[in-house]
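Trainee: Pasting a structure here, questions to come.
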Amino acid sequence: MARLLLGVSGGIAAYKALEAVRLAVKRGHAVRVIQTPASERFVARASFEAITGAPVLSSEFESDRARGAYPGEPMPERAPISHLALVERAEAFLIAPATANTLAKLAHGQADNLLTAAALAADCPVAVAPAMNSRMYTHPATAANLRLLRARGVTVVPPGEGDLASYSEHGIGRLAEPEHLLEACEAMLTPQSLSGARVLVTAGGTREPIDSVRFLGNRSSGRMGFALAREAVRRGAEVTAITANVTLVPPPRVRLQRVQTAAELAGACRRGLAYCDVLLMSAAVADFRPLGPVDAKLKKDEGVPRLELEATEDVLSQIAEMRRPDQIIVGFAAEHGTDAVALGRGKLERKRLDAIVVNDISRAGIGFESEDNEVTILAADGTERHVPHSRKERVARAVLDEVERLREARVGSDGARADTRSPARI
Ligand SMILES: Cc1cc2nc3c(=O)[nH]c(=O)nc-3n(C[C@H](O)[C@H](O)[C@H](O)COP(=O)(O)O)c2cc1C
C-alpha cells in the first residue's frame, strides 16, 4: 500500500479529516499528517497521532521524532530537514480540508508554514479538497486560485452542497466525504490506464412485477458492479452505471442511471452501447417475468394467484449483435455447481462475448450479497484466469486487467494505454 501525506488546514471540517485518515489506515496505507497552526485550534494533533501511530508536525522548525519515516518503516539514522522529508517520500499528498487561505497560498507559491512549504516541494501527485462557506468558495479569488492549481495538474476534490457549518446556512462548500477523499488519493496512485475510455457497467438485480407491490427478484446487491465502476474510475475511465435496485452508496464520479426491470435494463444498455468502449454486464438480469403483471395489489381473500411466466429478452445476445468490433463486452455468469466453468464457456461462445466472469454460486461465502467473490475469467482468445476467494475490489481489479489486455490486443497499445498521470507542481 502507499505512503500518503495528509495536510490539514484550519476549517471546521478538519474533524472529517480524522475519518479519512482512519479509512486510509484501515485500507493499509502508511499515513503521516501535517497541520497548519490554525487547524490545531479545530482538531488537536493527538487524535491524528493516535490513528496514524506517527507524530504530527505543524512547524518547519520542530524536529520529527520519526525522522521522516512513515509508519511501518525503519527509523533513519539521521534527522532530516522536516519540511522536505515527509513530502519527499510521499506517494500522494492530499490537503483536506483546504481553506480559502491555504488555497490562495498554494496558488501563489507561498511557503510560510510546514504545509505550504511541503506543498511547494512536492514531487508526487497533489490533491486539494476545498471546504469553506459558500460565499468564500464562490468568490472570484478562490475560483481563480483553484483554476491556477488545476492548470498545474493539482487534483481538486470538489466540495459538496448542503448544510454548512455556519448556523442555518446552506450552499456549496462542504468538504467531500472521507470515502471520496481517499478515493481521490487512490486514483492519484493508480496509473490512468483507462484514460479516455468510456465504460458502461450494469449492477444489481432486476425486479419483475407481479402486481403493484410484489415482484420476482434476485439477491444481487450491486457490490460487484460498484467495485468495477470504482476501479474503472480510478484508472481514469469515464464511467456510467446502469443500476437495478441497488441500495448501496454509489462510488464517486460515476454517472448513474436507475432501472428496475430486465426490459428497462435492456433498453438502457441498447441506448448506452453506442457511447461506450467497454461494457461490463455484472447485473443479475431476470430470465423470466410474470406474464401480464396486475396494476393493483392482488388481494389475499381472492385466493392464491397462479403465476404464469414468460422469458425476458436476452440482452447480452442482442448487444453482441449490435456491437462495434472495437468494443469489449464482458458478461458475468452465476452458475451452480462443479461444471460452472464449462457452462460459462458455453455462454461466452454462444453470446460472442470477449470475456465472461464465472462464479459458482453453490459455494458458501461468495457471490450474491457477499463482500467476497471467487471467479474464473474466461476470454474468447482461450485464456483462463482464476481469481481465488478475495474481496470484490480485488476481483474488479483482475477483471479490468483482463479488459485492458483485451483492449491492447484489439486496438493496439497506443489506443488502449495512455497514462496521462503527471505529478502535479504546486
Ligand atoms: C470557527 C471558524 C471556522 C472556520 N472555518 C473555515 C472554513 O471552513 N474554511 C475556511 O477556508 N476558513 C475557515 N475559517 C477561517 C480560517 O481558519 C482562517 O482563514 C485561517 O487563517 C486559516 O489558516 P490556514 O489556512 O493556515 O489553516 C474559520 C475560522 C473560524 C474561527
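Trainee: Please work out how much length the chain gains when fully extended from Leu343 to Glu384, using 0.36 nm per residue of separation minus the C-alpha to C-alpha distance, in nm with one decimal.
Mentor: Working: separation 41, 0.36 × 41 = 14.76 nm, distance 1.38 nm.
Length gained, Leu343 through Glu384: 13.4 nm.
Trainee: With a 1.4 Å probe and all protein chains kept in place, how much accessible area does Met322 have, in Å² rounded to the nearest 10?
Mentor: Here the residue's solvent-accessible area equals roughly 90 Å².
Trainee: Excluding ligands and nucleic acids, what accessible area in Å² is computed for Phe332 using a 1.4 Å probe, to the nearest 10?
Mentor: Rounded to the nearest 10, that gives 40 Å².
Trainee: Along the Cα→Cβ direction, 7 angstrom out, place labels at Asp401 and Arg147. What is the inter-label distance in nm?
Mentor: 4.3
Trainee: Can I ask one more? Ordering Glu404, Glu238, Glu49 by accessible area with a probe of 1.4 Å, largest first, what comes out?
Mentor: On the way: Glu404 15, Glu238 130, Glu49 50 Å².
Putting Glu404, Glu238, Glu49 in descending order of accessible area: Glu238, Glu49, Glu404.
Trainee: Let me ask something else about it. Please go through segment 236-315 and write out the trypsin sites (Lys or Arg not before Pro) that DSSP classes as loop and that have at most 13 other C-beta atoms within 10 Å.
Mentor: Answer in residue order: Lys297, Lys299, Arg306.
Trainee: Charges on Cβ only, +1 for Lys and Arg, -1 for Asp and Glu, centred on the Cα centroid of segment 1-158; of Thr99, Leu84, Ser134, which one is farthest towards the dipole's positive end?
Mentor: Selected residue: Ser134.
Trainee: Okay, moving on. When the chain is fully extended, how far beyond the present Cα-Cα distance does Val294 get from Gln110, taking 0.36 nm per residue of separation?
Mentor: On the way: separation 184, 0.36 × 184 = 66.24 nm, distance 6.80 nm.
Working it through step by step, the gained length comes to 59.4 nm.
Trainee: Between Pro158, Pro293, Pro97, find the one with the highest GNM mean-square fluctuation for the chain; connect C-alpha pairs within less than 10 Å.
Mentor: Among Pro158, Pro293, Pro97, the largest GNM mean-square fluctuation belongs to Pro293.
Trainee: Hey, any idea what Rg/Rh is for segment 1-142, computing Rh the Kirkwood way over Cα pairs? Walk me through the intermediate numbers first.
Mentor: On the way: Rg = 14.2 Å, Rh = 15.0 Å.
Over the Cα atoms of segment 1-142, Rg/Rh equals 0.95.
Trainee: Something else: Please work out whether segment 302-391 counts as rounded, prolate or oblate from its C-alpha gyration tensor, where a ≥ b ≥ c are the square roots of the eigenvalues and a/c under 1.5 means rounded, while otherwise a/b larger than b/c means prolate and anything else oblate? Working shown, then result.
Mentor: Details: a/c = 2.32, a/b = 1.19, b/c = 1.95.
Oblate shape, in that a/c is at least 1.5 and b/c is the bigger or equal ratio.
Trainee: Further question: Which pairs break 27 Å Cα to Cα here: Lys16/Lys105; Lys351/Lys392; Lys26/Lys392? Walk me through the intermediate numbers first.
Mentor: Values: Lys16/Lys105 22 Å; Lys351/Lys392 25 Å; Lys26/Lys392 17 Å.
Long pairs (Cα-Cα over 27 Å): none in the table.
Trainee: While we're here: Describe numerically, in nm with one decimal, the distance between label points set 7 Å from Cα along Cα→Cβ at Glu49 and at Val213.
Mentor: Here the modelled spin labels are 5.9 nm apart.
Trainee: From Cα pairs below 8 angstrom and at least 6 apart in sequence, can you work out the relative contact order of the chain, rounded to a whole percent?
Mentor: Answer for the chain is 13 percent.
Trainee: Also: Give the relative contact order (percent, whole number) for segment 146-230; include only Cα pairs under 8 Å separated by 6+ residues.
Mentor: Numbers: 70 pairs, mean separation 13.8, N = 85.
Averaging sequence separation for qualifying contacts and normalising by length gives 16 percent for segment 146-230.
Trainee: Keeping all protein chains in place and using 1.4 angstrom, which order do Tyr137, Tyr275, Tyr15, Tyr70 fall into by accessible surface area, from largest down? Walk me through the intermediate numbers first.
Mentor: Working: Tyr137 40, Tyr275 155, Tyr15 135, Tyr70 5 Å².
Result of the area sort, largest leading: Tyr275, Tyr15, Tyr137, Tyr70.
Trainee: A further question on this structure: Could you grab the relative contact order for segment 21-152? Cα pairs under 8 Å, six or more apart, rounded to a whole percent. Walk me through the numbers before you get to the answer.
Mentor: Values: 186 pairs, mean separation 27.5, N = 132.
Computed value for segment 21-152: 21 percent relative contact order.
Trainee: Quote to one decimal, in nm, the extra length available between Ala79 and Ala311 on full extension: 0.36 nm per residue of separation minus the C-alpha distance between them. Walk me through the numbers before you get to the answer.
Mentor: Working: separation 232, 0.36 × 232 = 83.52 nm, distance 7.11 nm.
Contour length minus Cα-Cα distance gives 76.4 nm.
Trainee: Of the DSSP beta bridges with both residues in the chain, give the percent that are antiparallel, rounding to the nearest 5. Intermediate values should be presented prior to the final figure.
Mentor: On the way: 19 of 64 bridges.
Bridges in the chain are about 30 percent antiparallel.
Trainee: Out of residues 5 or more away from Ile95 or on other chains, whose amide H comes under 5 Å of its own, with H placed 1.01 Å from N in the peptide plane?
Mentor: Distant-sequence amide H within range of Ile95: Gly7, Ala127, Val128, Ala129.
Trainee: While we're on this one: Could you derive backbone 3J(HN,Hα) for segment 16-28 from the dihedral phi with the Karplus parameters 6.51, -1.76 and 1.60 (θ = phi - 60°), listing whole Hz in sequence and x where the residue is Gly or Pro?
Mentor: 6, 5, 4, 5, 4, 5, 4, 5, 5, 5, 4, 7, x
Trainee: Over the Cα atoms of segment 106-220, compute the convex hull volume and normalise it per residue, giving Å³. Write down the numbers at each step before the final one.
Mentor: Numbers: hull volume 23.2 nm³, N = 115.
About 202 Å³ per residue, rounded to a whole number.
Trainee: Additional query: Choose one of Gly331, Gly236, Val285: the residue whose Cα lies farthest towards the positive end of the charge dipole of segment 198-416 (beta-carbon charges +1 Lys, Arg; -1 Asp, Glu; about the Cα centre).
Mentor: So the residue furthest toward the plus end is Gly236.
Trainee: If you don't mind, another one. Given the convex hull over the Cα atoms of segment 228-328, what projected area results after averaging over all orientations, in nm²?
Mentor: Numbers: hull surface 33.2 nm².
Computing the convex hull of the Cα atoms and averaging its projections yields 8.3 nm².
Trainee: Right, another one. Going 7 Å from the Cα of Glu302 in the Cα-to-Cβ direction, what parts of segment 182-212 have a backbone nitrogen less than 17 Å from that spot?
Mentor: Residues 209-212 fall inside that zone.
Trainee: Around Gly162, under 15 Å between beta carbons, what's the net of Lys plus Arg minus Asp minus Glu among the other residues? Intermediate values should be presented prior to the final figure.
Mentor: Numbers: positive: Lys16, Arg174; negative: Glu161, Asp163, Glu169, Glu177.
Result for the neighbourhood of Gly162: -2.
Trainee: If you don't mind, another one. Based solely on C-alpha atoms, express the radius of gyration and the Dmax of the chain in angstrom.
Mentor: Spelled out, the Cα radius of gyration and Dmax of the chain are 24.9, 84 Å.
Trainee: On to the next question. Relative to the compact globular guide of 2.2 N^0.38 Å, what is the alpha carbon radius of gyration of segment 198-416, as a ratio? Each step should come with its number before you reach the end.
Mentor: Values: Rg = 17.6 Å, N = 219, 2.2 N^0.38 = 17.1 Å.
Normalised by 2.2 N^0.38 Å, the Cα Rg of segment 198-416 equals 1.03.
The values are calculated or read from the model by the stated rules, or taken from the named source; none is laboratory data. Only a predicted model underlies this, so the values are computations on that prediction, with no experimental measurement involved. Positions of Cβ are backbone-derived with ideal geometry, glycine not excepted, and every protein chain shown enters the neighbour counts. We work out accessible area using only protein heavy atoms, side chains counted, and drop any ligands, DNA or RNA first. Shrake-Rupley method; radii C 1.70, N 1.55, O 1.52, S 1.80 Å.
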